[in-house]
1. Number of Lys pairs in region 22-157 with C-alpha atoms less than 27 angstrom apart, excluding same-chain neighbours closer than eight positions?
2. On a full-extension model of 0.36 nm per residue, what is the gain between Val139 and Gln68, subtracting their alpha-carbon distance, rounded to one decimal in nm?
3. Please report, in Å, the Rg and the Dmax of region 22-157, where both are computed over Cα atoms only.
4. Compute the relative contact order of region 22-112 as a whole-number percentage, counting only Cα pairs closer than 8 Å that sit 6 or more residues apart in sequence.
5. In sequence order, what are the phi-derived ³J(HN,Hα) couplings for region 33-48 according to the Karplus relation 6.51 cos²θ - 1.76 cosθ + 1.60 with θ = phi - 60°, rounded to whole Hz, with x for glycine and proline?
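A short reminder: the numbers here are calculations on the coordinates, not readings from a lab. Nothing here was measured: the structure is a model prediction, and the numbers come from that model.
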Amino acid sequence: MKFIKRHYAIIFLIIFGCSSDKGINKVELTELSGAAIDLSQYKGKVVFINFWATWCKPCIQEMPTIVQAQAELKADEVVFLFASNEEPAQIEKFAKRHDYNFHYVHLENMETLNIQALPTTFIFNREGELKFSETGFRVWNDQVNVDLITKIINDHEQ
């Protein structure tokens, strides 16, 4: 058992602790067209990445709450990205059937990020550091959750 725990600890450190980048650069995304996304372009902005799938009922159930949170935070410097590792054509088909104004992207490295279940949400601060990570459904337009994002937005000012 110690052997297994030690290996998990080493893997965790390799993935999340030993890299010289600050976190966001570990996420590999492409536009649905296939063009690579350089996440460093969002430096200075908070980045909210929701990992989801077209077949994931809780993912789809939380989307309307994200729409409302996104509208409430519109004036703030937050980039919302919706990442799936499904085929881009499948994501595009979903986007056409649902009336969400989301920036859908393709996730290239789900296994590397150790995402065990969906939905999962990462929120990176303005410096690209991972400040929030959670797996599971969340009501994002609830004031507690809007405040969570707002706190990350305002953290750089302290």
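1. Qualifying lysine pairs in region 22-157: 26.
2. Computed gain between Val139 and Gln68 is 24.6 nm.
3. Calculated on Cα positions, Rg and Dmax stand at 13.9, 41 Å.
4. Computed over region 22-112, the figure is 39 percent.
5. In residue order, the calculated couplings are 6, x, 5, 5, 9, 8, 5, 5, 5, 9, 4, x, 10, 7, 10, 9 Hz.
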